[in-house]
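Let me begin by presenting the structure, written as structure tokens, before commenting on it.
The values are calculated or read from the model by the stated rules, or taken from the named source; none is laboratory data. What you see is a predicted model; the values in this text were computed from it and never measured. Don't worry about glycine lacking a Cβ; one is built from the backbone with ideal geometry, like all the others, and counts go over all protein chains shown. Surface accessibility is based on the protein's heavy atoms, side chains included, excluding ligands, DNA and RNA. Shrake-Rupley method; radii C 1.70, N 1.55, O 1.52, S 1.80 Å.
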Amino acid sequence: MRDRAFNVGDMVLCLVQSNKDHHKLSPPWEGSYIVAEVLWPGAYKLKTIDSEVFTNAWNIEQLHHFYP
């Protein structure tokens, strides 16, 4: 199993949480977002490119590295 972690400032994509208005050919990832805070290993707070911080935390299983 591959060990992975994100640092503050890393760019990530999030797994789409809602299936509303999505079909089987829709992309499974949305974003790009920036890691704003590491709450504990495996849990992260994200912010948009415009520095708007989300109130909820994201699990590492729902995130993927974004390479611009």
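Here are some notes:
- Exactly one residue among Trp58, Trp29 is of a type outside the set (A, V, I, L, M) and in contact with a His (Cβ under 8 Å, 6 or more places away or on another chain), and that residue is Trp29.
- Qualifying positions in the stretch 9-19 - under 17 Å from Pro68 (Cβ atoms) and not acidic (Asp, Glu): Gly9, Met11, Val12, Leu13, Cys14
- Residues within the stretch 38-63 that are part of a loop (DSSP other than H, G, I, E, B) and either β-branched (Val, Ile, Thr) or on the phi > 0 side of the Ramachandran plot (or both), tallied: 4
- If you go through the stretch 32-45 and keep only what is surrounded by fewer than 14 Cβ atoms within 10 Å (Cβ to Cβ) and closer than 14 Å to Arg4 by Cβ, you end up with Pro41, Ala43.
- Subset of the stretch 9-31 [assigned to a strand (DSSP E or B), small (Gly, Ala, Ser) and surrounded by fewer than 16 Cβ atoms within 10 Å (Cβ to Cβ)]: none
- In the set Thr48, Thr55, only one residue is β-branched (Val, Ile, Thr), out of contact with any Gly (no Cβ under 7 Å at 6 or more places or on another chain), open to solvent by 100 Å² or more (accessible area, probe 1.4 Å) and at pLDDT 90 or above; that residue is Thr55.
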